[in-house]
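Only the coordinates and a few stated rules stand behind these numbers; no lab work does. Note that this is a predicted model, so its numbers are computed, not measured. We place every Cβ from the backbone using ideal geometry, glycine too, and count neighbours over all the protein chains shown.
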Amino acid sequence: MLKGKHILLGITGSIAAYKAAMLVRLLSKAGAEVKVLMTPMAKQFITPLTMATLSKHPILVDFYNPENGDWNNHVSLGEWADYYLIAPASANTLAKMATGTADNLVLTTYLSARCPVIVAPAMDFAMFKHSTTQQNLEILRTNGVTIIQPTSGELASGLEGEGRMEEPENIVACLDKLGQQSSKKKTLAGLKVLITAGPTYEAIDPVRFIGNHSSGKMGYALAEEAAIRGAEVTLISGPTHLPTPENSKIKLIPVTTADEMLRASEKAFDNITIAICCAAVADFTPIKIAADKIKRKKNEVQLLLKPTIDIAATLGKKKKKNQYVIGFALEIENEIVNAQRKIHNKNLDFIVLNFLNDNGAGFGGDTNKITLLYEDGQQKKFKLKMKSEVAKDIINAIECLMTNKK
Ligand code: C5P
C-alpha cells in the first residue's frame with residue numbers, strides 16, 4: 001500500500017529522533033519516497049546528514065536557504081505529500097499544532113497540508129499524561145489528525161511509563177493500514193453511526209460493582225469498520241482495556257453504568273442513521289448504592305436489584321423511518337425463538353445472535369461466530385471469523401437492508 005507513496009516525515013526535538021532513521025529505511029523499503037523536515041531542535045538529536053543520506057533528499061529546516069534565498073515552499077510540500085507523518089512529535093510541537101502556531105517549517109507545512117496527518121508522540125510519562133497535552137491531542141484528533149499512541153516502557157528520563165514513541169515497524173504498519181482504508185469505498189460517507197460496546201459496571205458500594213466479561217472487542221471492531229466506510233461514529237463504551245481508537249472519525253464516549261450508557265445513547269440518537277447495540281449492558285442494578293464499603297459479616301447479605309432500562313428497546317421505540325437499530329443476543333437455549341421475540345419487543349431491524357456454547361464465539365476472544373436473524377424468520381449463518389471480519393459481515397447486512405428499503 002505504501003509503494004510509490006510520497007511521505008513527508010517531520011522530526012521534532014525528542015530523544016526518539018534516533019528512531020526516525022529506521023523509519024526512513026522501512027518506508028523506503030516499502031517503496032515510498034520520503035522527504036524529511038526537521039525542527040531546529042531536532043538537529044540536536046539526529047544529524048541532517050544522516051537523514052539526507054537515508055532519504056536521498058536534502059533536509060528542510062528553514063523557511064529559506066540563507067546562502068541563496070531559495071524558498072522552501074511549505075504549500076507545495078504539503079501538496080506533494082500523500083501522508084504527513086510527524087515522528088517523534090514532542091509535547092511542544094503538539095501544543096503548537098493544536099493552536100495553529102506556525103514558527104517553523106514542520107508547523108507551517110502541517111497547516112497547509114491537505115493530506116492525512118499522523119503524529120507519533122514521544123515524551124516523558126508525566127508530560128504525556130498532563131491534562132494540557134491530553135487536551136492538545138484531543139484537539140488534533142478532532143481536527144482529523146491520526147494519533148499513534150505511545151507505548152509504555154523505560155523512558156529517557158530513567159522513569160517508566162507511557163510516552164515511548166511507538167516502534168518504527170508499527171508506525172509503518174499504521175500508515176499501511178491507513179492506505180488500505182483510504183482505498184476502500186466510502187459506502188457510509190455522510191452517515192452517523194452509534195455503537196454501544198463493552199460491559200457496564202453497576203456499583204454496589206464505593207469499591208464493588210456488578211459487571212460481566214465483555215471485552216468490548218466486537219463493538220470496537222464495528223466502530224472501526226463503520227469509520228473505514230466513511231461514517232462518523234459515536235462509540236459509547238463501558239469500561240474496557242482497549243486503546244482509544246486511532247481513527248479520527250470515531251468519537252469515544254466512555255461511560256460506566258447502564259444508566260450513563262442510556263443517557264449518552266438517547267442524547268446522540270436523533271442525528272443517527274444506524275445504531276448498533278453491541279454492549280453487554282447489565283440487566284439489573286442495585287436499588288441502593290451503599291455509601292460506605294459493605295463490611296464482611298458472618299451471615300448472608302441480601303442485595304436488592306432493579307432492572308435497568310433496555311437501551312436497544314428505548315432506541316427501537318424512538319426509531320424513525322430512516323433509522324436502523326440492530327441488537328445482539330447471547331442465548332443459551334431456544335436461541336432462535338428467544339432472539340426473534342427480542343427483535344419484535346425491541347423493534348429492531350435484525351439481531352446478531354452469538355452462541356455461548358460455540359468454541360471461539362462470544363465474550364473476550366478475537367473471534368466470533370454469528371447468525372443474523374430477521375423478524376420474518378430469515379437467518380444468515382456465518383463461519384467462525386476474526387471480529388474485524390464479523391464486523392464487515394454485520395455492516396454489509398445493514399447496507400443491504402438500507403439499499404432494499406430505498
Ligand atoms: O435482552 P437481552 O439483554 O438479551 O438483549 C441483548 C441486546 O439488548 C443487546 O443488543 C444489548 O446491547 C441490548 N441491551 C440494551 N440495554 C439493556 C440490556 C440489553 O441495550 N439494558
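For the reader, a short list of remarks on this structure follows.
- Within the range 133-235: Cβ-based charge dipole about Cα centre, in debye rounded to nearest 20 (Lys, Arg +1; Asp, Glu -1): 640
- 222 nm mean residue ellipticity, helices alone, for the chain (DSSP H n ≥ 4; -39,500 (n - 2.57); rounded to 500): -10500 deg cm²/dmol
- Unit charges at the beta carbon, dipole of the chain: most positive-side option, 16, 368, 122: 368
- Placing a label point 7 Å from the Cα of residue 177 along the Cα-to-Cβ line, the residues of the range 71-106 whose backbone N sits under 18 Å from it are 83-87.
- If you look at the Cα atoms of the range 138-179, you get an Rg and a Dmax of 12.5, 36 Å.
- Rounded to 10°, Cα long-axis angle of helix 387-405 versus longest principal axis of the chain: 70
- Set of lysines near residue 319 by C-alpha distance (under 23 Å), chain-local residues within fewer than 8 positions excluded: 192, 251, 267, 342, 346, 405, 406
- By the beta-carbon count within 10 Å of each Cβ, the least crowded to most crowded order of 201, 18, fewest first, is 18, 201.
- Sorted largest first, the principal axis extents computed over the alpha-carbon atoms of the range 141-240 equal 49, 44, 24 Å.
- Max-minus-min Cα coordinates of the chain on each principal axis give 80, 58, 38 Å, with the largest extent listed first.
- Extension gain, residue 403 back to residue 99 (0.36 nm per residue minus Cα-Cα distance, nm): 105.2 nm
- Cα pair distances in the range 73-173, grouped into 10 Å bins until the bin that holds the longest one, percent each: 16, 48, 30, 7, 0
- When the Cα positions of 72, 203, 59 are compared along the charge dipole of the chain, 203 comes out farthest toward the positive end, with charges on each C-beta of Lys, Arg, Asp and Glu.
- The range 6-183: C-alpha pair distances exceeding 19 Å, %: 54
- Calculated over the range 192-405: convex hull of Cα atoms, volume per residue (Å³): 135
- Beta bridges per DSSP, both residues in the chain: antiparallel share near 30 percent.
- Magnitude of the charge dipole, the chain, Cβ model with Lys/Arg +1 and Asp/Glu -1, debye to 20: 1000
- Coarse-grained scattering of the range 155-205 at q = 0.18, 0.20 Å⁻¹, given as base-10 log I(q)/I(0) from a Debye sum over alpha-carbon atoms: -0.88, -0.89
- Residue 41-residue 114 FRET efficiency (beta carbon distance; Förster radius 30 Å; 0.05 resolution): 0.70
- Listed by Cβ neighbour count within 10 Å, with the fewest neighbours leading, 296, 114, 341 appear as 296, 114, 341.
- Cα-based convex hull, the range 263-316, per residue volume (Å³, whole number): 105
- Each of 287, 148, 253, 294 was scored by other Cβ atoms within 10 Å of its Cβ. Arranged with the fewest first, they read 287, 294, 253, 148.
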